[in-house]
Amino acid sequence: MKYIINNNIKYHEDRSELVVLNDNIPPVALTATLNRLLSALVRNNNLVLSRNTLLMQVWEAHGQVASGNNLNNTISILRKIFASLGEEDIIVTLPRQGFMFTAATLETADSLAADLPATELPNDMAQTLPVVSPRFARLKGVALSTLVLLAAVSGAWAWSDLGYSPIKTRSVGKIGSCDVQFITSYHKVGSGQVDLTHLKELLAQKNDIKCTEPATLFFYDTLSLMPNAAGRFRTSYFYYCPEKQVSSSQVQCENFYENKDL
């Protein structure tokens, strides 16, 4: 089934992907778990789904371990993906009740039907439209794809579901006792190109992360990859993985995401 969400995003349920209708970025591929969760939410648009219902439908029914942390992490990743695609707060948490997908408009169509026809613009209007460079469009799409890939870092529950090879990283320095690993699955970057000052600023916003104990910081920053992107936007995220607690399965990696205009 194909869904058109708020006349902005096309969700191909059977292809496990999201496509922005009015932007030149590649489709965002979803993992099987992300797709099952989104499918359940979209099919019950503007209806509350309890945590138990989602855990049963998305995890238990598929032979996977269901836990509150798994659900919270997957909801968080979906929210960040939709925020990056221009749909803030489309997934709402209702305390003691569950979660609700809140699309204002939701159209459905057979996923085998032809794609929506392109709208031809008058010449004078077309001339006023900004030109987006192919490199920038690819970079924006890569940032979204990396967000999905980073789900693998958040816990062992994601590895078997993703079907991806382990993420590629490069050690670019240390902050306190934290080893900083920059995500290089899509780009090569030198250690001197990575903006560790910005990472420190992001860490300062998380008062509970002090880097006083051995840990790994998985970091991704579009400005480090394209430093001359003035007038564009900057997407940054990191995962904080304390070695002792993660190795003993006491906690999963904590994530932080930022998307802002430059």
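Points to keep in mind about this one:
- Contact order normalised by residue count of the range 1-119, Cα under 8 Å, 6+ apart, percent: 32 percent
- Carbon + sulfur, % of accessible area of the range 1-48 - ligands and nucleic acids excluded, 1.4 Å: 43 percent
- 22 Å Cα-Cα threshold exceeded, pairs from Lys168/Lys210; Lys174/Lys206; Lys210/Lys244; Lys2/Lys168; Lys174/Lys200: Lys168/Lys210; Lys2/Lys168
- Per-residue HN-Hα couplings for the range 92-107 [Karplus 6.51, -1.76, 1.60; θ = phi - 60°; Hz; x = Gly/Pro]: 9, 9, 10, x, 6, 10, x, 10, 9, 8, 10, 5, 5, 10, 9, 10
- Relative contact order (percent, whole number), the range 1-47, Cα cutoff 8 Å, 6+ residue spacing: 23 percent
- Chain lengthening between Asn52 and His12 when straightened (0.36 nm per residue, less Cα-Cα): 11.9 nm
The values are calculated or read from the model by the stated rules, or taken from the named source; none is laboratory data. As the structure is a computational prediction, the values presented were derived from the model and not from experiment. Remember, those area values only see protein heavy atoms, side chains included, never the ligands or the DNA or RNA. Shrake-Rupley method; radii C 1.70, N 1.55, O 1.52, S 1.80 Å.
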